[in-house]
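Have a look at the structure below, then the notes.
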Amino acid sequence: MKKLFNHKLLVIAIICCQQVALAQSDKIRLNQLGFYPNAPKIAIWTGDKQSMFFVLGANKLDTVFRGALSEQRISSISQKKTQVADFSTLKKTGKYFLSVKGSEVSYPFEISKDIHRKAAIASLKGFYYQRVSTDLPEAYAGKWHRKAGHPDNAVLIHASATSESRPENSLISSPKGWYDAGDYNKYIVNSGITMGTLFSLYEDHPAYIKGFQTNIPESNNSVPDLLDEALWNLRWMLTMQDPADGGVYHKLTNPSFDAMVMPDKATKPRYVVQKNTISTLDFAAVMAQASRIFKSYQKQLPGLSDSCLNAAIKAWKWAKANPSVLYQQNEMNKKFDPDIVTGGYEDRNSSDEWIWAAIELYITTKDDSYYTAVNLYPDTPLQLPTWSQVRMLGYYSLLRAEKYITNAGKKDIPVLKKQLIAFADNLMSGVETQAYQMVMGKTARDYMWGSSSHAANQGIALLQAYYASGDKKYLTGALSNLDYLLGRNAVGYSFLTGIGSKQVMHPHHRPSEADGIAEPVPGLLSGGPNPGQQDKCTTYTTKIPDESFTDDVCSYASNEIAINWNAPMVYLAAALEALQSRF
Ligand code: 9MR
């Protein structure tokens with residue numbers, strides 16, 4: 001009897017789910033959260049040529065809006081054909097579906113105020129899940145609670161990193177920080193851009209960020225959650241400076257990557273390795289920015305602002321005295337043991353790190369000598385921020401500080417604004433005719449390792465152009481890239497774990513793989529399409545750049561997560577939330 005009953009249930013379940021599967025069409029690509037009432041609303045139809053689309057109410061029956069699909073557009077990357085469904089004039093809040101041909105129905109979406117708040121909070125909370133050296137209790141981590149990993153209170157000085165007071169294999173304490181990515185190591189260079197991006201969000205939208213609650217252990221203190229989260233990494237970064245001379249180690253790492261195990265099961269010895277100019281300058285920039293931010297929190301964090309500034313100045317001095325020490329892992333491994341084969345973050349050109357550090361120190365200290373110390377405006381085109389290219393972070397800070405800097409910097413602001421706006425105009429040009437009508441993906445070159453962060457950083461550059469000009473077209477451009485990240489893309493995924501109807505389920509992320517929980521740790525941004533396919537996974541189905549993605553744990557080149565990708569995601573989602581009334 002019981003068996004028969006179960007069998008019946010199974011049959012019903014199959015019929016019901018087949019219907020759902022039929023009804024939901026992956027051929028309609030849209031932001032799987034939804035849209036602001038007054039902002040543009042675009043979906044992309046990727047099926048065979050059709051003329052009309054319909055927006056349906058929550059019951060999937062009532063048509064609340066009908067519109068003509070655009071002419072077919074051909075993607076210059078895949079040669080595939082798309083049509084655009086523009087329903088921007090539908091402004092009524094509610095839950096909807098979009099349908100083409102009657103039979104093809106999109107994932108559900110909403111038109112609502114605060115539509116991205118969930119994504120903004122989730123992506124900031126993502127950093128909490130990356131915390132090193134601490135238990136993540138259920139009260140904060142939910143079902144992803146876990147034991148502390150990597151106390152990092154007895155870290156070895158690698159042979160490449162010795163000094164008189166710190167001989168080879170002597171021990172230092174260097175706890176806390178965030179795991180860099182899917183691996184368990186901690187890298188100063190990548191922490192640099194990550195912290196700079198989060199701090200910039202705070203400085204650009206302090207009022208909004210102060211009201212941001214992520215349910216972390218520090219949520220009830222009187223410091224904003226974003227700063228509390230950043231402090232977890234800042235405290236680690238401070239320990240990476242050699243107190244004897246101010247130089248900063250490149251990374252804290254195992255000699256080789258850990259297996260896919262939980263953090264507390266990864267217990268190999270860890271080392272700090274080689275001080276160098278670039279890690280030291282990234283550190284100086286972060287500490288200078290931290291110093292001016294934490295100046296407003298002297299009561300809660302006495303002395304921190306001063307400590308950060310002292311650390312920044314000490315680092316700057318070390319870099320001045322050691323201006324061309326590069327981190328070159330292979331060279332280092334020829335000279336020293338054990339060999340270190342984890343993430344390299346090797347960068348041959350320090351000119352942008354000099355610019356970033358000089359500008360942050362100048363803004364914080366108002367000392368013109370930092371401003372004039374290096375060539376701040378080299379005659380090379382602006383570039384989006386990446387871990388190896390941080391010049392733009394300095395420029396964003398300078399533009400933000402316009403009102404209170406000395407004339408040394410102020411006099412250059414008009415030219416800088418012009419350059420930024422030209423850069424943004426270039427990003428915006430031709431967007432209306434793109435297959436996905438977005439800024440991301442105008443060229444196949446946008447699909448590099450960590451392409452999701454490229455989309456988010458394009459969005460940030462456009463927001464900076466909006467701040468500088470007040471022109472709303474840049475807001476729209478930034479939003480198109482948030483739509484990209486949350487589903488309006490050539491693979492139809494929402495790249496932020498835990499968000500959207502078609503979610504990334506198997507990121508290359510050790511805790512997500514090892515914890516035995518079906519859903520990955522939430523709030524983490526998958527790297528996204530990357531035709532390099534350096535991981536040699538066998539589950540890719542194509543090499544077409546914007547489709548070269550596989551939701552497979554083997555795919556560290558297209559489906560890893562990383563702190564420097566999450567930070568611009570937080571920025572883009574949170575800043576658009578803060579600015580939503582401007583549409
Ligand atoms: O994000 C980095 C990417 O730009 C590089 O091409 C790649 C190979 O060197 O490394 C990426 O960074 C990884 C780091 O080295 C180790 N932790 C995981 C990072 C994300 O994949």
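From (1) more than 16 Å from the ligand (Cβ to nearest atom); (2) part of a loop (DSSP other than H, G, I, E, B); (3) surrounded by 22 or more Cβ atoms within 10 Å (Cβ to Cβ), pick out the condition that doesn't hold for Glu168.
The one condition Glu168 does not meet is (3).
Keeping to region 380-391, report how many residues are aliphatic (A, V, I, L, M) and within 16 Å of the ligand (Cβ to nearest atom).
2
Looking at Gln503, Gln534, which is the one that is surrounded by fewer than 22 Cβ atoms within 10 Å (Cβ to Cβ), under 21 Å from Gly343 (Cβ atoms) and at pLDDT 95 or above?
Being surrounded by fewer than 22 Cβ atoms within 10 Å (Cβ to Cβ), under 21 Å from Gly343 (Cβ atoms) and at pLDDT 95 or above holds for just one of Gln503, Gln534, which is Gln534.
From the list Val415, Val491, exactly one residue is more than 30 Å from His150 (Cα to Cα), among the β-branched types (Val, Ile, Thr), away from the ligand (no atom under 16 Å from the Cβ) and in a loop (DSSP other than H, G, I, E, B). Which is it?
So the residue among Val415, Val491 that is more than 30 Å from His150 (Cα to Cα), among the β-branched types (Val, Ile, Thr), away from the ligand (no atom under 16 Å from the Cβ) and in a loop (DSSP other than H, G, I, E, B) is Val491.
Can you name the residue in region 328-350 that is within 24 Å of the chain's Cα centre (by Cα) and open to solvent by less than 30 Å² (accessible area, probe 1.4 Å) and is also nearest to Pro255 (Cα to Cα) among such residues?
Once the filter is applied, the top-ranked residue is Thr342.
Could you list, in sequence order, the residues of region 42-66 that are modelled with pLDDT of 95 or more, over 18 Å from Thr433 (Cα atoms) and in contact with a Phe, Trp or Tyr (Cβ under 6 Å, 6 or more places away or on another chain)?
Val55, Leu56, Thr63, Phe65, Arg66
May I ask you to list the residues in region 537-572 that are open to solvent by less than 20 Å² (accessible area, probe 1.4 Å), under 30 Å from Ala230 (Cα atoms), more than 13 Å from the ligand (Cβ to nearest atom) and not β-branched (Val, Ile, Thr)?
Answer for region 537-572, where residues must be open to solvent by less than 20 Å² (accessible area, probe 1.4 Å), under 30 Å from Ala230 (Cα atoms), more than 13 Å from the ligand (Cβ to nearest atom) and not β-branched (Val, Ile, Thr): Met569, Tyr571, Leu572.
Based on what the data block shows, is Tyr297 of a type in the set (Phe, Trp, Tyr) and within 16 Å of the ligand (Cβ to nearest atom)?
So Tyr297 fails the test.
Take region 518-536 and flag every residue that is closer than 22 Å to Met569 by Cβ, away from the ligand (no atom under 14 Å from the Cβ) and among the hydrophobic types (A, V, I, L, M, F, W, C).
Residue satisfying the conditions is Val521 alone.
This table checks each residue for (1) surrounded by 24 or more Cβ atoms within 10 Å (Cβ to Cβ); (2) within 23 Å of Tyr571 (Cα to Cα); (3) more than 24 Å from the chain's Cα centre (by Cα).
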{"site": "Ser191", "(1), (2), (3)": "yes, yes, no"}
{"site": "Asp204", "(1), (2), (3)": "no, yes, no"}
{"site": "Pro224", "(1), (2), (3)": "no, yes, no"}
{"site": "Leu231", "(1), (2), (3)": "no, yes, no"}
{"site": "Pro243", "(1), (2), (3)": "no, no, yes"}
{"site": "Thr253", "(1), (2), (3)": "yes, no, no"}
{"site": "Ser256", "(1), (2), (3)": "no, no, yes"}
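Quick test of your reading of the structure: Arg445 fulfils all but one of (1) within 16 Å of the ligand (Cβ to nearest atom); (2) in contact with a strand residue (DSSP E or B) (Cβ under 7 Å, 6 or more places away or on another chain). Name the failing condition by number.
Among (1) within 16 Å of the ligand (Cβ to nearest atom); (2) in contact with a strand residue (DSSP E or B) (Cβ under 7 Å, 6 or more places away or on another chain), Arg445 violates only (2).
Being among the hydrophobic types (A, V, I, L, M, F, W, C) and assigned to a loop (DSSP other than H, G, I, E, B) is true for just one of Ile499, Ile561. Which residue is that?
Ile499
Tell me, which helices (runs of 4 or more DSSP H) lie completely within region 351-402 with 2 or more residues that are open to solvent by less than 30 Å² (accessible area, probe 1.4 Å), farther than 18 Å from Ala422 by Cα and among the aromatic types (Phe, Trp, Tyr)?
Of the helices (runs of 4 or more DSSP H) lying wholly inside region 351-402, those with at least 2 residues that are open to solvent by less than 30 Å² (accessible area, probe 1.4 Å), farther than 18 Å from Ala422 by Cα and among the aromatic types (Phe, Trp, Tyr) span 351-365, 368-371.
Looking at region 459-500, which of the residues that are of a type in the set (D, E, K, R) and buried (at least 24 other Cβ atoms within 10 Å of the Cβ) is farthest from the chain's Cα centre (by Cα)?
Among them, the one singled out is Arg488.
Determine whether Asp471 is within 16 Å of the ligand (Cβ to nearest atom) and within 30 Å of Glu71 (Cβ to Cβ).
Criteria not met by Asp471.
The values are calculated or read from the model by the stated rules, or taken from the named source; none is laboratory data. Quick caveat, the model's predicted, so the values are computed rather than measured. A quick note on method: Cβ atoms are made from the backbone with ideal geometry, for glycine too, and the neighbour counts reach across all protein chains shown. Just the protein is used for accessible areas: all its heavy atoms, side chains included, with ligands, DNA and RNA removed. Shrake-Rupley method; radii C 1.70, N 1.55, O 1.52, S 1.80 Å.
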